[in-house]
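Here's the structure we're looking at; comments come further down.
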Amino acid sequence: MKKYLITLLPVLILSIQPDSPSAGAHKGVTYSLPAPADDDLKPTVSQEKVEQLVAKLLTTYHYRKVRLNDSLSSKVWDNYLEQVDRGKTYLLASDVAAFDKYRTQVDDALVNGDLSAGYELYNVFRKRYKERSAYVQEILKKPFTFTEDETYNTSREKAPWAKETSELNEIWRKTLKNQALELKLAGQKDSAITATLTQRYKNLDKAVGRVRSDDVFQIYMNAFAETLDPHTVYFNPSSADRFNQDMSQSLEGIGAMLQEDGEFIKISSVLPGGPAFKSKQLTANDKIVGVAQGDNGPMVSIVGYRVDDAVKLIKGPKASVVRLQVQSADALASAPPKEVRMVREKIKLEGTRAKKEVLEITDNGKSYSIGVINIPAFYRDFEGARKREENFSSTTNDVKKLVDSLKAQKVDGIVIDLRNNPGGALTEAIDLTGLFIPKGPVVQVREGSGETEVYSDQNPGVAYDGPLAVLVNWGSASASEIFAAAIQDYKRGIIVGGQTFGKGTVQTLIDLNQWLPKEPDKAGQVKMTIQKYYRINGNSVQRKGVTPDIELPSGYSSAEYGENSQPSAMPWDQIASTQFDVSNSLDDKLLSRLRSRFDDRLKSDVELKKLAQELADFKKAKENTVVSLQETKRRKERDEAEKKRAALKKEAAEDPEDIDETGTPTTAKVDKDKPKKKPKDLYLTETGRILANYIVARNK
């Protein structure tokens, strides 16, 4: 069987999510653009050849087999506009309209190796950036006052392009005032606020000043690549080197992959087993805005930093302390950044080993021992397996030992906890499923040509045939979804939690240098989607993920955080079902009874009711992106926002000792000698109750 690594591969470059059309050109109107300058960035001959090669590879070998036409061209141009000026705060509507003539020409340009349109637009952006930078310096000469009753919209996703420079000035005035107010609420005085913001925009000036032709080329090529799907990416030579290094070596740091997102440094993925993962306070899409060394070092703003420079501050020697100032992806608009303290560790990128615990659950006056096996990732030592080493690192081998240990402890049932498991080795997803089913198909993998291969568990043995539940959430992806889907299709266990991420695609990495061996410059790499995988019942996991049999309350949704949130995500579809024998463990009637019992608890259990209401309030509050710029009102908004967000901390099972009465993580130095109090995990507890209900029903 072929070996594939199915995972949420981290993208170390700017992500692209086009969702708004550019301003259209008006017939008969001539728009003036800034004049060309001697320092304008220009494409190289090698880049023009790489452009043609990438266009050929993606249109020929990508799973979608797209055609280059005017429709695709328009999407690419919208992508590029959105990437160059994400917040619509630099370019004017007239700039955008003047370039609209290129909207239907990108397809021809890709074939012909023409990069002129992309570079022309970026050079105009650079000039507009300098204009904005000068305005920022002027505004920061005088401190802000926060007594006026005015508001600021933190989201410009649906905003139009500004028609006049005066409109941009007002947008930037409020942007800077909002940033200043955040610093004031954090305790900074006027002089410190001015110094912080001045340094922040100096950093941004340096970052924009360091952009080179390679960077523009990467942005432009990804405007094309990500119209096919969000996991298809072009890496320029320097990004390719960093990607390969990060995926093959261990790191001493916090255990997170970073990418640039406009002027921010964003977490693209959290590595299982690292400090960030263990803290449960950082997640994908969080933005790091400040870094401090040790427990007493000053917080350095990294807004405007390039990712390489940010990494230098965040990485560090093993056992040293780093403090991060973070804007959470799930925070409400008025919420302040939080501070997260971590001790750097050496992280192996293959993840950590599975581990177990035993929960004591009481239901209707009877006690049940529920074994829990937490699997942070699907890891496998392929080299050790190839050499037939007896104890090579493997998810399945480790889980088999844990299952045997739990059986020896005479547990009444077992929960497999796959929350926030991003995936890993497909081989392990198949073999792990084999521990719980006698034999049979586990997943189908389909090529772009339509050829389908069924991957099966060939081992007739079963490690555990008792009551089983699988706990998942929106962070469960790829290999996690394959395992959960198979258990559900076989009706072997109960799937509990939230809808999973919905990534049903497989990527491969292509070194472009092999195609252009005579070029003096390196060509980079392309990560391209070449396959989709399907459940054994024929349904795709793509976009929809795995829907739990019993869904628990959540503050997250796949529509907002999962694959379905990506505009270019490949569609859900179906293929023919395979033949497989359904287990006698579950049936629809029994599942209906279990859902009914859970619904009763949701109405009567004080903790569950409170959690469900708090999460509903949080979701509603998150829709409001407008904040006050008046200090008194903003303080009130901030306090209310943190109270609403506290429910998410329960969902993440964060340690209550590290959270103050408002729900904010404390920044006090951790007492290493004080034993940590394990927080109550409502989701795991409720899954244990559901499994206990199942045990009772099964024995009737």
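No lab work stands behind these numbers, since they all come straight from the coordinates. Remember, predicted model here, so these are calculated numbers, not experimental data. Here the Cβ is made from the backbone with ideal geometry for all residues, glycine too, and neighbour counts use every protein chain on show.
Observations
- Shape analysis of region 250-347 yields a ratio of the Cα radius of gyration to the Kirkwood radius, Rg/Rh, of 0.92.
- Residues ASP229, ASP40, sorted so that the one with the fewest Cβ neighbours within 10 Å comes first: ASP40, ASP229
- Region 325-408 - charge dipole about Cα centre, Lys and Arg +1 at Cβ, Asp and Glu -1, debye rounded to 20: 260
- Rounded to the nearest 20, the size of the Cβ-charge dipole of the chain about its Cα centre is 1180 debye, with Lys and Arg at +1 and Asp and Glu at -1.
- Protection proxy ranking, peptides 308-320, 98-110, average beta carbon neighbours within 10 Å, highest first: 98-110, 308-320
- Within straight-line cross-link reach of LYS387, lysines at Cα separation under 19 Å, skipping those fewer than 8 residues along the same chain: LYS2, LYS3
- ³J(HN,Hα) computed for each position of region 494-509 - Karplus, 6.51 cos²θ - 1.76 cosθ + 1.60, integer Hz, glycine/proline x: 9, 8, 10, x, x, 4, 6, 4, x, 9, x, 10, 10, 10, 10, 9
- Gyration tensor verdict on region 516-649 (Cα atoms; rounded if a/c is under 1.5, prolate if a/b is larger than b/c, oblate otherwise): oblate
- A simple packing score, the average count of other Cβ atoms within 10 Å per residue, orders the peptides 215-224, 172-181 as 215-224, 172-181, with the highest score first.
- Whole-number D in µm²/s for region 355-581 (Stokes-Einstein; Kirkwood sum over Cα pairs; 25 °C, 0.890 mPa s): 130
- Part-to-part distance (alpha-carbon centres) for region 137-155 and region 567-643, which is given in Å: 37
- Where only DSSP H runs of four or more residues are counted, the chain gives -12000 deg cm²/dmol as its mean residue ellipticity at 222 nm, each run worth -39500 (n - 2.57).
- Estimated Rh, region 18-229: Kirkwood, alpha-carbon pairs, angstrom: 19.0
- Among PHE382, PHE580, PHE436, PHE277, the order by Cβ neighbours within 10 angstrom, fewest to most, reads PHE382, PHE580, PHE277, PHE436.
- Cross-link reach is defined here as a Cα-Cα straight distance under 14 Å, omitting same-chain residues fewer than 8 places apart; for LYS184 the aspartates and glutamates meeting it are GLU631.
- Rounded to 5, percent antiparallel among DSSP beta bridges of the chain: 80
- For region 18-229, with +1 on Lys and Arg beta carbons and -1 on Asp and Glu, the positive-most of VAL45, LEU204, ASN169 along the dipole: LEU204
- Note on PHE392 and GLU357: the extension gain reaches 10.3 nm, defined as 0.36 nm multiplied by sequence separation minus the Cα-Cα distance.
- Each of ILE267, ILE690 was scored by other Cβ atoms within 10 Å of its Cβ. Arranged with the fewest first, they read ILE267, ILE690.
- Inter-site label distance for GLU150 and THR60 at 7 Å from Cα along Cβ, in nm: 5.7
- From most to least packed by mean Cβ count within 10 Å, the peptides 512-520, 529-537, 608-616 give 529-537, 608-616, 512-520.
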